[in-house]
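Okay, structure first, notes after.
The values are calculated or read from the model by the stated rules, or taken from the named source; none is laboratory data. Because the structure is predicted, anything quoted here is derived from the model rather than measured. Cβ: placed from backbone, ideal geometry, glycine included. Neighbour counts: every protein chain shown. SASA here: full protein model, heavy atoms, side chains in, ligands and nucleic acids out. Shrake-Rupley method; radii C 1.70, N 1.55, O 1.52, S 1.80 Å.
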Amino acid sequence: MLGNILITGGASGLGLATAEAVAKAGGRPLVVDVNAPAAGMDHVIADLADREQAERAVTELAGRAGGLDGVVTAAGIDACGRLEDVPADRWERVVQVNLFGTVSVVRAALPYLTASRGRVVTCASTLGLRAVSDATAYCASKFGVVGFTRALATELAGQVGVTLLVPGGMHTHFFDDRDEQYKPGPDAKLNKPENVAATVVFALSQPAGCEIRELLVCSSTETSWP
């Protein structure tokens, strides 16, 4: 049994696919998102760019559920464009949600995860390992998630399981609001979020003492890897 799994970004995309996969595997998904998830999912509306909102959401959901057995930080945004063309507020919000939001949620969840000897799965990106033009905010945030997670795994070794998920592009609404030049082309080969979510459940399901430290999951023809 997976137990109580808190999932950020659980109203859509990879987060929603993960919430559904957790429920199918017998766990209880607890969703944090700026939007309400599908009916029936326990959730709290919160903006992860605001540390107090993120902390409140974790505390509220953990209180309702009677603790946490895992956290998956799937929430993420981007702001495409050259550095001089992206407004500073938009640029900084990407880092606030993707990196600082991840840290805030994990920090708030640690007392519960330590008590349950639970697990954390953070969501980076192939662009957290490889930099590209017109993605300085996204790359900065995801490179930060990679460094944060690797350090956290060392810090919590033997106490809380820590897995770094590095997904490639997926068929989600993540690209919908981008300018056409930044959207995947019609021939782009992207993964289904359900396939990536299955690997998250795999990491969460490992027996005590067995760690999946890092998972890189992408289409076989992913252009951002290697």
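Before moving on, here are some points about what is shown:
- Fluctuation leader among Phe143, Phe100, Phe202 - the chain, Gaussian network, Cα springs under 10 angstrom: Phe202
- Protein heavy-atom surface of the chain, 1.4 angstrom probe: 53% of the accessible area is carbon and sulfur, with nucleic acids and ligands not counted.
- Near the amide H of Arg28, within less than 5 Å, lie the amide hydrogens of Gly3, Asn4, Ile5, all on another chain or at least 5 residues away, with H placed in the peptide plane.
- Applying the Karplus relation 6.51 cos²θ - 1.76 cosθ + 1.60 with θ = phi - 60° to segment 123-135 yields 3J(HN,Hα) values of 10, 9, 5, 4, 7, x, 10, 9, 8, 9, 5, 6, 9 Hz, where x marks Gly and Pro.
- All alpha carbon pair distances within the chain were sorted into 5 Å bins beginning at 0; the resulting P(r) in whole percents reads 1, 7, 15, 20, 22, 17, 10, 5, 2, 0.
- Segment 74-146: relative contact order in percent, alpha carbon pairs under 8 Å with at least 6 residues between: 44
- Computed over the chain, relative contact order equals 20 percent, with contacts defined as Cα pairs under 8 Å that lie 6+ residues apart.
- Probe 1.4 Å, protein heavy atoms only - accessible area per residue of segment 78-133 in square angstrom: 47
- Long-range amide H partners of Leu216 with built H, under 5 Å: Val166
- Sites Glu55 and Lys192 - FRET efficiency at Förster radius 41 Å, r taken between beta-carbons, to 0.05: 0.80
- Helix 51-65 vs. the chain, principal-axis angle (Cα, 0 to 90°, nearest 10): 40
- Point-to-point label distance, Arg150-Cys210, nm (Cα→Cβ direction, 7 Å offset): 2.6
- Rounded to 10°, Cα long-axis angle of helix 13-24 versus longest principal axis of the chain: 30
- Computed magnitude of the charge dipole of the chain (debye, nearest 20; Cβ of K, R +1, Cβ of D, E -1): 700
- Residue-averaged [θ]222 nm for the chain, counting only DSSP H segments that reach four residues, each worth -39500 (n - 2.57): -12000 deg cm²/dmol
- Computed over the chain with a Gaussian network model linking Cα atoms closer than 10 Å, the most mobile of Leu113, Leu83, Leu152 is Leu83.
- Residue with peak Gaussian network fluctuation, the chain [Cα springs, cutoff 10 Å], from Gly66, Gly128, Gly27: Gly66
- C-alpha long axis of helix 193-204 to longest principal axis of the chain, angle in °: 40
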